[in-house]
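Undergrad: Have a look at the structure that comes next, please.
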Amino acid sequence: IGDMSMDYKQEQGTIRLENSLTSLIGGYNFLEFYRGQYFRFYNGIDLANGLRLDIRGEYEKRESLENKTDFNLFDKSARASDMQQWGAMPKHHSARLSLGLSFNPRAYYRMEGERKRYVRTDWPTFSLNYTGGFPLGDATSDFHRMEARIRQSFKSSMLSMNSSNVFRLSLIHF
């Protein structure tokens, strides 16, 4: 259960220090915030060695926040951000459920008490993830998304290939 201000672009968003500098110097403010009051749950379980099931759920009340200022050091003309040009996201509720199944063949692990801790593998991890938004209660999001991923880590780098598809899209805010 929580109440946070979050960036619309989430993980793909702008680094906050970089945004502060570009806002102060040139008047470019790329961050857009919304307020999210939420209830979340998560559970993950190893079905077999290397086979994992993850379940996540979330119900969230969202509303746009006014986070803009036109003050900057050099250029006195204010610039509209993407969200200001498109208009703010309407207040809405979101109900989402995510299911993930991942498989890592020949995964090495160590037992720490009664917990299994994976330590290394020489094989790629194959995963299939589903996320759906459901019109539940006051929630208005209605979408289904599937993602397949193959990920391999090496000593000096990581290789990852993704494929995703959104289907039956009725209403999605992000």
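The values are calculated or read from the model by the stated rules, or taken from the named source; none is laboratory data. Because the structure is predicted, anything quoted here is derived from the model rather than measured. So basically every Cβ, Gly included, is an ideal-geometry build from the backbone, and we count neighbours across all protein chains shown. Each accessible area value is taken on the protein alone, full model and side chains, heavy atoms only, with ligands, DNA and RNA left out. Shrake-Rupley method; radii C 1.70, N 1.55, O 1.52, S 1.80 Å.
Undergrad: Take the residues in region 121-152 that are among the hydroxyl-bearing types (Ser, Thr, Tyr) and open to solvent by less than 50 Å² (accessible area, probe 1.4 Å), then tell me which one is farthest from residue 92 (Cα to Cα).
TA: This residue is 121.
Undergrad: Picking from 34, 118, 109, which residue would you name as being under 22 Å from residue 4 (Cβ atoms), surrounded by 14 or more Cβ atoms within 10 Å (Cβ to Cβ), among the hydroxyl-bearing types (Ser, Thr, Tyr) and modelled with pLDDT under 90? Steps first, please.
TA: Numbers: 118 fails: under 22 Å from residue 4 (Cβ atoms); 109 fails: under 22 Å from residue 4 (Cβ atoms).
Being under 22 Å from residue 4 (Cβ atoms), surrounded by 14 or more Cβ atoms within 10 Å (Cβ to Cβ), among the hydroxyl-bearing types (Ser, Thr, Tyr) and modelled with pLDDT under 90 holds for just one of 34, 118, 109, which is 34.
For every residue, the table says whether it meets (1) part of a strand (DSSP E or B); (2) farther than 30 Å from residue 18 by Cβ; (3) touching a Pro at 6+ places or on another chain (Cβ under 7 Å); (4) without any contact (Cβ under 8 Å) to a residue 60 or more places away in the chain.
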| position | (1), (2), (3), (4) |
| --- | --- |
| 31 | no, no, no, yes |
| 36 | yes, no, no, yes |
| 39 | yes, yes, no, yes |
| 44 | yes, yes, no, yes |
| 52 | yes, yes, no, yes |
| 57 | yes, yes, no, yes |
| 66 | no, no, no, yes |
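Undergrad: Quick check on region 37-48: of everything there that is more than 19 Å from residue 59 (Cα to Cα) and among the hydrophobic types (A, V, I, L, M, F, W, C), which residue is surrounded by the fewest Cβ atoms within 10 Å (Cβ to Cβ)?
TA: 48
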